[in-house]
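The values are calculated or read from the model by the stated rules, or taken from the named source; none is laboratory data. Everything numeric in this text was worked out from a predicted model, so none of it was measured. Reconstructed Cβ throughout: ideal geometry from the backbone, glycine too, with neighbour counts over all protein chains shown. Accessible surface areas use protein heavy atoms only, side chains included; no ligands, DNA or RNA. Shrake-Rupley method; radii C 1.70, N 1.55, O 1.52, S 1.80 Å.
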Amino acid sequence: MTQTLLLLPGDGIGPEVTAQVRRVAAALTPDLTLDERDFGGVSYDRHGVPITDEAVTTALASDAVLMGAVGGPKWAGVERGKRPEMGLLGLRKAMDVYANLRPALCFDALADASSLKRELVAGLDIMFVRELTGGVYFGQPRGIETLPDGQRRGFDTQVYTTSEIERVSRVAFELARGRRNKVHSLEKSNVMESGLLWREVVTDLHRREYADVQLEHMLADNAAMQLVRQPTQFDVLLTDNLFGDVLSDAAAQLTGSLGMLPSAALGEAGRPGLYEPIHGSAPDIAGQGVANPLAAILSFEMALRWSLDRPAEADRLFAAVEAALAVGARTRDIGGTLSTVEMGDAVLSALG
Ligand code: IPM
Ligand code: MG
């Protein structure tokens, strides 16, 4: 049975960085079938929607899906339902990938690229588990309405059910067992009802099934402060969709560059995962061939590990990225001068 990886290069630097994934895959996993579809603004321009039904069907039938990036100023005026970002949210929902794993790992060779002091980030290895298909991103009702007095009122709904909280918490506890056995669950139970329920459900699941894992509850604002004060205190951080979006960007910068970090969005076992570099489309450097392809390449590494059941190839690829960095391969964002293709070359040559 051949496995298929669907590439969704998308917008901005997406096509440039996913092109390097193609090269790595050709060298490392030549038997893997690569497929490709339009996604995001590019898809809107060609098909009038940020993702076609056919692309969604293809994604669901693939073994894994790897996207580049979506969005950009060109589509800022597009009606909300057809914005590039809505293609991504729709795809996450359709694939039911409710657990978003976002590692923030500081490669030793890059500890000086962090905006924090080396001693605070050296050896950093933390993992966000962000709920990805619920919360305020999807809650109804939402909208902008006009009030009788002529003012306008914008509103969103933050909402979680017990089963949504429980299934993502389970992923966090399971992951922690294979790591340093510690979970921090982040919410705002001091002001939000959904935060209160979040804390109750996590506490209850922990007591019933994961009492061996160390669990701490932390208010999300305090967690933001602790992340820049002493990030190495954390192991697994469990969050809702919105707090996870915000805090994982902060954590990414701790590692030196947003251009380095991959992510994996997972659903039930046996379903395809969605792999995303966490950087955006970076319109300011798109098309110049200078973007760092490592986040995309490491997202492929996560796909090998979590969806394609190829841990040996994943280990080889991870070691190759480490080796390339150790011999000084650097794109601009991490203090070097290599182009996107040259960074791809460096990883390929380290793969041997
Ligand atoms: C992310 C991004 C997305 C999100 C956007 C592009 C919709 O910021 O993956 O973190 O908010 O989830
Ligand atoms: Mg984000």
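Given the DSSP H assignment, sum -39500 (n - 2.57) over each helix run of at least 4 residues in the chain and divide by its residue total; what's the result at 222 nm in deg cm²/dmol, nearest 500? Display every interim value, and only then the final one.
Working: 12 runs with 145 residues, N = 352.
The helix contribution divided over the chain gives -13000 deg cm²/dmol.
Can you compute the charge dipole magnitude of the chain about its Cα centre, using +1 on each Lys and Arg Cβ and -1 on each Asp and Glu Cβ, nothing else charged? Give it in debye, rounded to the nearest 20.
Details: 34 positive and 47 negative charges, 61 e Å.
Its charge dipole is roughly 300 debye.
How would the stretch 96-154 be classified by its alpha-carbon gyration tensor: rounded, prolate or oblate, with rounded meaning a/c under 1.5 and the a/b versus b/c comparison settling the rest?
On the way: a/c = 6.47, a/b = 2.30, b/c = 2.82.
Here the stretch 96-154 falls in the oblate category.
Add +1 for every Lys or Arg and -1 for every Asp or Glu among the other residues with Cβ under 11 Å from the Cβ of residue 158, and state the total.
Charge balance near residue 158 sits at -2.
At a 1.4 Å probe radius, carbon and sulfur cover how many percent of the accessible area of the chain? Don't jump to the answer; show the numbers that get you there.
Numbers: 7700 of 14690 Å².
Result for the chain: 52 percent of the exposed heavy-atom area is carbon or sulfur.
Would you mind checking which residues have amide H under 5 Å from residue 235's amide H? H placed 1.01 Å from N; only 5 or more apart, or other chain.
Long-range HN contacts for residue 235: 184.
Please list, in order along the stretch 188-197, the HN-Hα scalar couplings obtained from phi with the Karplus expression 6.51 cos²θ - 1.76 cosθ + 1.60 (θ = phi - 60°), rounded to whole Hz, x for Gly and Pro.
10, 5, 6, 10, 10, 5, 5, x, 5, 5
5 Å is the cut-off here: which amide hydrogens, built 1.01 Å from N in the peptide plane, fall below it relative to residue 35, excluding neighbours closer than 5 in sequence?
Residues meeting the criterion, in which the H sits 1.01 Å from N, are 5, 6, 7.
Report, in debye and to the nearest 20, how large the dipole of the stretch 106-260 comes out about its Cα centre when Lys and Arg carry +1 and Asp and Glu carry -1 on their Cβ.
Computed about the Cα centre, the dipole is about 160 debye.
What is the set of long-range amide H partners of residue 265 at a cut-off below 5 Å, with H atoms built 1.01 Å from backbone N?
Those lying under 5 Å, H to H, from residue 265 are 101, 274, 275, 276.
Treat each spin label as a single point 7 Å out from the Cα along the C-beta direction, and report the residue 182 to residue 118 distance in nm.
2.4 nm
Keeping every protein chain present and rolling a 1.4 Å probe, give me the accessible area per residue for the stretch 106-260 in Å². Write out the running numbers ahead of the final one.
Working: 7080 Å² over 155 residues.
Result: 46 Å² of accessible area for each residue.
What list of ³J(HN,Hα) couplings, whole Hz, do you get for the stretch 319-336 from phi and the Karplus terms 6.51, -1.76, 1.60, once you set θ to phi - 60° and write x for glycine and proline?
4, 5, 5, 4, 5, 4, 5, 5, 8, x, 5, 9, 7, 4, 4, 10, x, x
Of all GluC sites (Glu not before Pro) in the stretch 196-299, which ones are in loop regions per DSSP and have a Cβ with at most 12 other Cβ atoms within 10 Å?
Working: sites: 200, 209, 216, 268; in loops: 268.
Listed in order of number, the matching sites are 268.
Where a ≥ b ≥ c are the square roots of the eigenvalues of the C-alpha gyration tensor, would you call the stretch 203-352 rounded, which needs a/c under 1.5, or, failing that, prolate if a/b is larger than b/c, or oblate? Write down the numbers at each step before the final one.
Details: a/c = 2.07, a/b = 1.49, b/c = 1.39.
The shape class here is prolate.
To the nearest Å, what is the center-to-center distance of the stretch 284-352 and the stretch 152-185, using C-alpha atoms only?
30 Å
Rounded if a/c is under 1.5, else prolate if a/b beats b/c, else oblate: with a ≥ b ≥ c from the C-alpha gyration tensor eigenvalues square-rooted, which is the stretch 70-210? Can you show the working numbers first?
Working: a/c = 2.03, a/b = 1.34, b/c = 1.52.
Oblate, because a/c is 1.5 or more while a/b does not exceed b/c.
If Lys and Arg each add +1 and Asp and Glu each add -1, what is the summed charge of the other residues whose beta carbon sits under 11 Å from the beta carbon of residue 299?
Details: positive: 102, 305; negative: 276, 301.
Summing Lys/Arg as +1 and Asp/Glu as -1 gives 0.
Can you list the equivalent-ellipsoid semi-axes of the chain, largest first and in whole Å, using the square root of 5 times each Cα gyration tensor eigenvalue? Don't skip to the answer; put the middle values down first.
Working: eigenvalues 180, 136, 84 Å².
Semi-axes from the Cα gyration tensor: 30, 26, 20 Å.
Working out 0.36 nm times the residue gap between residue 196 and residue 46, then minus their Cα-Cα distance, what length gain in nm do you get to one decimal?
49.5 nm
Under 20 Å from a point placed 7 Å out from the Cα of residue 319 along the Cα-to-Cβ direction: which residues of the stretch 1-33 have their backbone N that close?
Residues 24-31 qualify, since their backbone N sits under 20 Å from the label point.
Taking only pairs that are 8 or more places apart or on different chains, how many Lys pairs in the chain have Cα atoms under 27 angstrom apart? Show your work: numbers first, answer last.
Values: 74/82; 74/93; 82/93; 93/188; 117/182.
The number of close lysine pairs in the chain is 5.
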